[in-house]
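Right, one structure below, let's go through it.
The values are calculated or read from the model by the stated rules, or taken from the named source; none is laboratory data. Just so it is clear, the structure is predicted and the values come from calculations on it, not from any experiment. Here the Cβ is made from the backbone with ideal geometry for all residues, glycine too, and neighbour counts use every protein chain on show. For accessibility, only protein heavy atoms count, side chains too; no ligands or nucleic acids. Shrake-Rupley method; radii C 1.70, N 1.55, O 1.52, S 1.80 Å.
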Amino acid sequence: PNLPSRCTWHLGVSADKSPHVHLPPRKRPEKVVPNILNMIGNTPLVKINNISKTFGVKCELYAKCEFFNAGGSVKDRIALREFFNADTVLEPCMYCLYCIPAGIGLALAAAVKGYRCIIVMPEKMSMEKVNILRALGAEIVRTPTSASFDAPESHIGVAQRLNQEIPNSHILDQYRNPSNPIAHYDGTAEEIIAQCDGPVDMVVAGAGTGGTISGLARKLKEKYPNIKVVAVDPEGSDLAEPEELNKTDTNFYEVEGIGYDFVPTVLDRQVVDKWYKSTDRETFLMARKLIREEGLLCGGSSGSAMAAAVQCAKDLKEGQRCVVILPDSIRNYMSKHLSDDWMSERNLLEKTSEGAEMNKPW
Ligand code: PMP
């Protein structure tokens with residue numbers, strides 16, 4: 001009868017008479033891909049707009065959105081690369097032990113290729129990650145977060161023990177395996193060079209194994225010798241240089257995927273020009289800001305990298321470019337920094353005088 005016509009009146013009206021803006025269908029360049037592993041790499045580089053304004057960043061700030069990888073993280077690139085290498089030397093039905101927190105890419109590749117996959121990971125890692133890994137068919141072994149890297153009960157120690165116990169098993173060791181930085185040297189860095197119309201003046205990435213920052217920095221420095229490389233290390237971790245930067249009262253930090261109590265072999269600290277120590281507060285508030293103001297559904301360590309970038313990129317002028325790596329997706333942390341309760345319990349929501357002094361909105 002007399003229903004308001006708003007929701008139906010354009011039906012049957014041709015597009016040129018419709019009140020709505022009509023767009024042509026989006027063209028997808030890819031045809032059918034042989035399997036999902038083909039959707040690893042070629043991630044988008046997205047301009048940051050609102051956050052740049054808030055922090056007075058004049059240069060162009062771009063986010064390399066690694067959560068667009070098939071498994072949702074920068075680590076997918078390494079898994080793919082290592083499987084590619086391992087394929088040539090191992091029987092297809094191998095056992096795979098992995099001693100790195102973000103094993104989703106590896107479990108994904110193992111699922112597609114039909115390998116058995118065991119992930120050894122510290123208790124600290126989120127339930128979301130564990131559930132995704134289980135869904136991908138990985139077997140999970142949890143280890144105490146407090147165990148130091150060389151303790152037999154640490155994730156590395158347990159992975160090594162299992163490796164000895166399980167016949168035909170193989171550890172894909174991200175801390176020492178050169179395919180880790182090479183995946184970024186050949187892949188991530190080349191993509192950034194192709195995506196930017198002109199030189200890159202600064203690149204910012206968090207350091208866990210250090211594979212991302214080392215591979216990126218080497219290739220980008222070859223291409224743009226004046227580029228400034230900023231590595232991000234959470235307060236409580238020991239990766240930064242000079243050593244004094246690492247002095248704090250605590251060795252605990254909530255952010256996942258970055259920071260260590262030892263310097264991994266693949267981390268080449270010589271290619272880093274500046275280390276930035278991030279706090280959990282700026283990490284998670286910035287991660288929430290990236291979602292709220294830029295629509296980028298990224299995880300916690302993305303917040304650390306962006307918090308560093310907005311401070312360091314203040315030295316750059318209009319027309320210069322800074323690229324920030326956003327390593328993974330909020331999907332892995334739905335019960336963590338997305339939750340106001342989780343944030344409040346850790347006193348991460350209140351503003352501090354330190355924040356005001358440092359020209360940070362928290
Ligand atoms: N962020 C997250 C969420 C990660 O899982 C990792 C990998 N540990 C990193 C950042 C750091 O990457 P990389 O190991 O290459 O230093």
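When only C-alpha pairs under 8 Å and at least 6 residues apart count, what is the relative contact order of region 115-215, in percent?
Worked out over region 115-215, it gives 19 percent.
Do you know the relative contact order of region 122-169, to the nearest whole percent, from alpha carbon pairs under 8 angstrom that are 6+ apart?
27
Full-extension gain between residue 35 and residue 339, please, as 0.36 nm times their residue separation minus the C-alpha to C-alpha distance.
In short, 106.0 nm is gained.
Give the long-range amide H neighbours of residue 278: residues separated by 5 or more places, or on another chain, with amide H under 5 Å away, using H modelled in the peptide plane at 1.01 Å from N.
Residues meeting the criterion, in which the H sits 1.01 Å from N, are 233, 235.
In nm, what is the difference between 0.36 nm times the number of residues separating residue 54 and residue 238 and their Cα-Cα distance?
63.2 nm
Order of 256-268, 204-216 by packing, highest average Cβ count within 10 Å first?
Taking the mean over residues of other Cβ atoms within 10 Å, the ranking is 204-216, 256-268.
Where the centre of each part is set by its Cα atoms, how far does region 60-76 sit from region 156-233, in angstrom?
The two parts, judged by their Cα centres, are 13 Å apart.
Pairs of Cα atoms under 8 Å, at least six residues apart: use those to get the relative contact order of region 247-362, whole percent.
22
When the Karplus curve 6.51 cos²θ - 1.76 cosθ + 1.60 is applied with θ = phi - 60°, which whole-Hz ³J(HN,Hα) does each residue of region 245-257 get, with x for Gly and Pro?
After applying 6.51 cos²θ - 1.76 cosθ + 1.60, I find 4, 8, 6, 8, 7, 10, 10, 9, 9, 7, 4, 9, x Hz.
In this model, which of 75/247; 124/317; 53/228; 31/221 are farther than 32 Å apart at the alpha-carbon?
Check vs 32 Å cut-off fails for 124/317; 31/221.
Heavy atoms only, probe 1.4 angstrom, no DNA, RNA or ligands counted: give me 249, 280, 273 ranked by accessible area, highest first.
The residues order as 249, 273, 280, largest area first.
As an exercise, use a Förster radius of 35 Å and the Cβ-Cβ distance of residue 314 and residue 194 to find the FRET efficiency, rounded to the nearest 0.05.
0.80
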